[in-house]
Amino acid sequence: MTIQAILQGREGPIFSCSADQSVADAVAILSEKRIGALPVLDGDKVAGIFSERDVLHGIQNLGAAVMDKRVADVMTADVISVDLQKSAIGALSLMTKRRFRHLPVVEDGKLVGFISIGDLVKYRIDKIESEAAAMRNYIQSA
């Protein structure tokens, strides 16, 4: 299964922020939407990722003053992304090896999706359960 297939089952907007927004505003979006990260956009292009981890690092380094900083000051700017044709298992492997939990999906330089490691783990569990059910059915019909 590809990333495109995973995204096809989704509805609703991709929540994001800009590099010029305040950390406090971005944290409010994370909290309100109950999500762990936001793609940071410059138009349609991904400029970075702002995550819970970035907030924690900012608090460690700057204390409460981090809330008045711009997202650009604390975001992860070295972004790895995938395209729609990447396999779900390949994306899961990439995220596990690189130790990050969110991955922008980009086509023609533009953000078209944003997946979490939870999305990919759910896909993997669903696939394993489906294979197990097929095996049970096969054994019962023999």
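The values are calculated or read from the model by the stated rules, or taken from the named source; none is laboratory data. Bear in mind the structure is a predicted one, so any value in this text is a computation, not a measurement. No Cβ is skipped: glycine too gets one built from the backbone with ideal geometry, and neighbour counts run over all protein chains shown. SASA here: full protein model, heavy atoms, side chains in, ligands and nucleic acids out. Shrake-Rupley method; radii C 1.70, N 1.55, O 1.52, S 1.80 Å.
Coupling constants for the stretch 94-102 follow from the phi torsions by the Karplus curve (6.51 cos²θ - 1.76 cosθ + 1.60, θ = phi - 60°), and in residue order they are 4, 5, 5, 5, 8, 6, 10, 10, 9 Hz; glycine and proline get x.
For the chain, the longest principal axis of the alpha carbon atoms and the long axis of helix 52-62 meet at an angle near 30°.
From helices alone, the chain scores -14500 deg cm²/dmol at 222 nm; the rule is -39500 (n - 2.57) for each run of n ≥ 4 DSSP H residues, then divide by the residue total. Computed on protein heavy atoms with a 1.4 Å probe, the accessible areas place ILE89, ILE49 in the order ILE89, ILE49, largest first. As a calculated quantity, the FRET efficiency between LYS97 and ILE14 at R0 = 22 Å, using C-beta atoms, amounts to about 0.35. Residues whose amide H lies under 5 Å from that of GLU107, counting only those 5 or more places away or on a different chain, are VAL112; hydrogens are built 1.01 Å from N in the peptide plane.
Taking every alpha-carbon pair under 8 Å whose residues sit at least 6 apart, the chain reaches a relative contact order of 24 percent.
Candidate values (1) 0.94; (2) 1.09; (3) 1.06 were compared with Rg/Rh (Cα atoms, Kirkwood Rh) computed on the shown model; the agreeing label is (2). Computed from label points 7 Å out along Cα-Cβ, the spacing between ILE139 and ASP78 is 4.7 nm. Among HIS102, HIS57, the sequence by solvent-accessible area, most first, with a 1.4 Å probe is HIS57, HIS102.
Taking 0.36 nm per intervening residue step and subtracting the Cα-Cα distance, what contour gain separates SER22 from ASP108 on full extension?
Working: separation 86, 0.36 × 86 = 30.96 nm, distance 2.85 nm.
Full extension of this stretch gives 28.1 nm more.
Here the extension length gained between THR2 and ASP42 equals 11.8 nm, from 0.36 nm per residue of separation less the Cα-Cα distance.
Against the main long axis of the alpha-carbon atoms of the chain, helix 23-33 sits at an angle near 30°. Shown for the chain: lysine pairs separated by 8 or more places, or found on different chains, whose C-alpha atoms are under 19 Å apart, numbering 7. Accessible surface for ARG136 stands near 130 Å², nearest 10, in the context of the full protein assembly shown (1.4 Å probe).
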